[in-house]
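One structure is given below, encoded as structure tokens.
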Amino acid sequence: MDSDWAKNLAERKKRELAVKRLQQEKDLNDRKLLDSSADKMWVEVRRAAAGFCKELNSSMGDDYIKFEGASYHNSFTLITPENTYTVTFNPQMWLLSAQGSAYTLVVTESHSVIWKPAEGATLTSEAVAQNIVGAAFR
């Protein structure tokens, strides 16, 4: 019997298991970070969207776009004379969906939480809100 063969195979398997365990720990830590950040990130989007609506109305000199939604709900609606645009957040999936757009919360390499649209670039909560209000305003 070749004992080096068994030792080499065992060492390779130990390394594979160690890498797998580290990835599982990272995934668990990321999920915890996402769970603990989800509500805060959603509130940031809601507040920014409401602020952008006020800013647009002020610039137009009229209440053209209306922000509706209780602060404790996982959705809000933007209403214009031409359109009703609903935005929903699913905290269990870390997914914000707005008609035709979706943004997912992700953990960056620097361990911060940020929004990521389907296209791939990461965005701040303010940028997401700006995109959403802009889409409803068109």
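The values are calculated or read from the model by the stated rules, or taken from the named source; none is laboratory data. Owing to the predicted nature of the structure, the values given are computational and were not obtained by experimental measurement. Glycine gets a Cβ as well: all are built from the backbone with ideal geometry, and neighbour counts include every protein chain shown. With ligands, DNA and RNA removed, areas are computed over all heavy atoms of the protein, side chains included. Shrake-Rupley method; radii C 1.70, N 1.55, O 1.52, S 1.80 Å.
Could you check the stretch 22-137 for strands (runs of 3 or more DSSP E) lying wholly inside it with 3 or more residues that are open to solvent by 50 Å² or more (accessible area, probe 1.4 Å)?
Numbers: elements: 66-68, 75-79, 84-90, 95-98, 101-107, 113-117.
Strands (runs of 3 or more DSSP E) meeting the threshold: 66-68, 84-90.
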Discussion item. Being open to solvent by less than 90 Å² (accessible area, probe 1.4 Å), more than 27 Å from Ile132 (Cβ to Cβ) and either without any contact (Cβ under 8 Å) to a residue 60 or more places away in the chain or part of a helix (DSSP H, G or I) (or both): is that true of Ala10 here?
Written reply: yes
Item to complete: List every residue pair whose Cβ atoms lie under 7 Å apart, where the two residues are 6 or more positions apart in sequence or sit on different chains, the first residue falls within the stretch 18-44 and is under 21 Å from Tyr103 (Cα atoms), and the second residue, located anywhere, is polar (S, T, N, Q) and assigned to a helix (DSSP H, G or I).
Response: Met41/Ser125; Glu44/Ser125
